[in-house]
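Asker: I have a structure I would like to understand better, so I am pasting it below and will then ask my questions one at a time.
The values are calculated or read from the model by the stated rules, or taken from the named source; none is laboratory data. Remember, it's a predicted structure, so these values are computed and weren't measured experimentally. Neighbour counts are summed over all protein chains in view; Cβ atoms, including those assigned to glycine, are modelled from backbone coordinates with ideal geometry.
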Amino acid sequence: MSALEEQIRSAARQYLENGDVSVVIGYERGPKGKVRPAFVHQADDAERLVWSPECNLNLVTYLHNYKHSPRRGVPVPRVAVVVRPCDARAVNLLLHEQQIKRENVKVIGVTCAGSEVDGELRQACTVCQERVPVIYDVLVEPEQPVEVPEAQDDYGDVAEMESWTPGERLEYWAKEFDRCIRCYACRQACPGCYCFECVAEQVFPHWTSIALELPEKYFFHVMRAFHLAGRCVGCDACEVVCPMDIPLSKLNRMLAKEVEALFGYHTGDDPETLPPLATFSPEERLRL
Amino acid sequence: MKVLTQAQLNEWLNHLAERFTLAAPVNVQGKLLYRQVDDSSGIAWGFERTDMSPKTWTFPATEPILIIEQGAETRLDDAPAPAPTVVFGVRPCDARGALAIDALFLDKEPSDGQYARHREATTLIGLACPQMWDSCFCTVVGGAPNSTEGLDLLLTEVDGSDGAAYAVQIISEKGEKLAAGMPGEEKGVSLPKPRLAKGLPTLPASQEWKAQFNETFWKQVTERCLGCRACTFVCPTCRCFDVRDEVVSRQPGRTVLQRLRAWDACTSAPYRRIAGGHNPRPTQHSRLRNRFYCKFMYYPDDFGPLGCVGCGRCIEACPVNIDILEVIAGVEQLAASGSS
């Protein structure tokens, strides 16, 4: 067991023993050794929790399941969640958007050395400078400090796509979306996607066909990317969960770059600064 | 038994591609999907389990099932008939998946017209599995890596004197017709025994499932479910769909609509939402549990076959590792502890 794992378990145990929370959301290993989300309700069960670079989802998305009181007279459940630095910014996002109350959430922040997908460091993690989550109640730290890669162009990976003509981009995405099965795993894994009724599924008005074909896939992914502009925290959970391996992070990062350039805003960095699309300032007109 | 060399098989497939729409496993940017091929060179030879099942050819993800013309009078037309199609490289589990879908769409009246046309137009050429791959569990649900059920022809790779060779089993009349004029030579070959997976659970009977319906076990299993539709879309037996009339063209006095059917999934929240906004399966727990009960209780009780053929795709596709084998083992355990 690593030092990180021990600290996560001990924090979980304490929260549950003290009755601070009713559930701790972390990771466990499945029957075949795969890492997967775990929900720990009893202090004794905290031993199930693990930590490794394979922990590559954004567990903040599960906080939406605990936003409401389950029954009349029962208070909104209090929850602890294990987060990486990118996930932690999603906690700030949900605080901004008044989806959760700070007092109902305990954040177990893990000092992150990057997440892996199929044994390889995630592309975004190779340039990420964040090691310590921006928001936490307990900080999980390794014995040795985690190395930070040298600062480089954060958006180097989308530079190539920016040089393409609109026609080339269309062609590229047509090829990628071709194998999309519209399973919505990307949306469901995203902490920022929590509409009660998604535009892609709305019946009245009926914005898009029920067909699982290219125009609908385009519509869905582009619409989703726009709705996440200035809200995407760059955790890449959408890409990680995609059963068809569609490089969705590229879409989100293109828009994150635009938002950063236009508004100087990086999603969820602090709990005070409101996201640009949730506020208005007269100066914006000049910058555009 | 007739045996073909790889070259003869290629030649025969090329010939089929001229007469039929030939679909086979194709490597599409790293994913194995059943797509149309122009000739045998487009096939992802050596494939194991494909990422999507060949269900896409008999029950397409999206298709019109009726064309509606509204003008001075209303005209209803059948959707365009499917082209004669040969699907090559069907794994035995997936062929059993087609049989499972038949039980609902064909074997019970009224039958589903468009599905019937697809099945009529499609010939399934199987390729036996030499072994059970990771997550495979066909043997738990009554199948086998070399099962012939539901196939028209089954090819089994055998040792050839010069590279791969395929022994051909003719299963159905359709298969016999297709195999007429097939190259190769008659030989006495013994088919290799596939390697089976060990340590798999035993499937509890449907009444055992019924007895465990209210167990807290289901809350534990389903707590991490994200409510996406990946497991059902990769499944060779999931057959739920949504229907909607959508406008194709509109001119003064004449509107053409198509009645579109597209896959839907019981694991997603809007699936069961009804008029007025009520949802009889209001929680993710009730929705995912339904998927398992459909497979192992409702479907076999109502239509005969199990709603699962053990392909293991849902285990691989699930973003949060919900493992149907773990569920089967869990119910087995609950049943054992309940009866003792």
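Asker: With respect to residue A:174, determine if the residue is surrounded by fewer than 14 Cβ atoms within 10 Å (Cβ to Cβ), in contact with an Asp or Glu (Cβ under 8 Å, 6 or more places away or on another chain) and either closer than 29 Å to residue A:222 by Cβ or not aromatic (Phe, Trp, Tyr) (or both).
Answerer: Here the answer is no, as residue A:174 does not meet what is asked.
Asker: Could you give every pair whose Cβ atoms fall below 8 Å, whose first residue belongs to the stretch B:13-31 and is within 14 Å of chain A (Cβ to nearest Cβ), and whose second residue is buried (at least 18 other Cβ atoms within 10 Å of the Cβ) and among the hydroxyl-bearing types (Ser, Thr, Tyr), counting only separations of at least 6 or pairs across chains?
Answerer: B:25/B:34; B:25/B:50; B:26/B:34
Asker: Sticking with this structure for a sec: Residue B:199 passes all but one of (1) out of contact with any Asp or Glu (no Cβ under 9 Å at 6 or more places or on another chain); (2) under 16 Å from residue B:48 (Cα atoms); which number fails?
Answerer: Condition (2) is where residue B:199 drops out.
Asker: Continuing with the same structure: Quickly run through the stretch B:259-280 and pick out the residues that are in a strand (DSSP E or B) and more than 10 Å from chain A (Cβ to nearest Cβ).
Answerer: The answer is B:259, and nothing else.
Asker: Take the conditions surrounded by fewer than 20 Cβ atoms within 10 Å (Cβ to Cβ), in the same structural domain as residue A:258 (by TED's automatic domain parsing) and not aromatic (Phe, Trp, Tyr) and apply them to residue A:202. Does it pass?
Answerer: It is true that residue A:202 is surrounded by fewer than 20 Cβ atoms within 10 Å (Cβ to Cβ), in the same structural domain as residue A:258 (by TED's automatic domain parsing) and not aromatic (Phe, Trp, Tyr).
Asker: Something else about it: Does the stretch A:160-171 contain at least one residue that is over 30 Å from residue B:318 (Cβ atoms), modelled with pLDDT under 95 and crowded, with 19+ Cβ neighbours inside 10 Å?
Answerer: Looking for residues that are over 30 Å from residue B:318 (Cβ atoms), modelled with pLDDT under 95 and crowded, with 19+ Cβ neighbours inside 10 Å, one finds none in the stretch A:160-171, hence no.
Asker: Related question: So which strands (runs of 3 or more DSSP E) are wholly in the stretch A:53-147 and hold at least 2 residues that are over 24 Å from residue A:238 (Cα atoms)?
Answerer: A:138-140
Asker: Taking helices (runs of 4 or more DSSP H) that do not extend beyond the stretch A:178-273, which have at least 3 residues that are within 10 Å of chain B (Cβ to nearest Cβ)?
Answerer: In the stretch A:178-273, A:185-189, A:237-241 are the helices (runs of 4 or more DSSP H) which contain 3 or more residues that are within 10 Å of chain B (Cβ to nearest Cβ).
Asker: For the stretch A:171-211, which positions are aliphatic (A, V, I, L, M) and over 21 Å from residue B:35 (Cβ atoms)?
Answerer: A:185, A:189, A:199, A:200, A:203, A:210
Asker: Something else now. Residue under question is residue A:159, and the condition is that it be within 14 Å of another protein chain (Cβ to nearest Cβ), part of a helix (DSSP H, G or I) and hydrophobic (A, V, I, L, M, F, W, C); does it hold?
Answerer: no
Asker: To continue, here is another question. Please verify whether the stretch B:129-145 includes one or more residues that are surrounded by fewer than 20 Cβ atoms within 10 Å (Cβ to Cβ) and either within 30 Å of residue B:80 (Cα to Cα) or without any contact (Cβ under 8 Å) to a residue 12 or more places away in the chain (or both).
Answerer: Among the residues of the stretch B:129-145, not one is surrounded by fewer than 20 Cβ atoms within 10 Å (Cβ to Cβ) and either within 30 Å of residue B:80 (Cα to Cα) or without any contact (Cβ under 8 Å) to a residue 12 or more places away in the chain (or both), which makes the answer no.
Asker: Looking at (1) over 20 Å from residue B:200 (Cβ atoms); (2) at pLDDT 95 or above; (3) surrounded by fewer than 22 Cβ atoms within 10 Å (Cβ to Cβ); (4) within 13 Å of another protein chain (Cβ to nearest Cβ), which is the one condition that is false for residue B:301?
Answerer: Of (1) over 20 Å from residue B:200 (Cβ atoms); (2) at pLDDT 95 or above; (3) surrounded by fewer than 22 Cβ atoms within 10 Å (Cβ to Cβ); (4) within 13 Å of another protein chain (Cβ to nearest Cβ), only one is false for residue B:301: (4).
Asker: Which members of the stretch A:108-128 meet the condition of being over 16 Å from residue A:6 (Cα atoms) and touching a residue at least 24 places away in the same chain (Cβ under 8 Å)?
Answerer: If the condition is that a residue be over 16 Å from residue A:6 (Cα atoms) and touching a residue at least 24 places away in the same chain (Cβ under 8 Å), then A:113, A:114, A:115, A:116, A:117, A:121, A:122, A:123, A:124, A:127, A:128 are the ones that fit.
Asker: Okay, moving on. Do the conditions hold for residue B:221, that is, is it within 14 Å of chain A (Cβ to nearest Cβ), under 29 Å from residue B:60 (Cα atoms) and surrounded by 15 or more Cβ atoms within 10 Å (Cβ to Cβ)?
Answerer: no
Asker: Does the stretch B:4-29 hold any residues that are surrounded by fewer than 19 Cβ atoms within 10 Å (Cβ to Cβ), among the hydrophobic types (A, V, I, L, M, F, W, C) and part of a strand (DSSP E or B), and which are they?
Answerer: Correct list: B:26, B:28.
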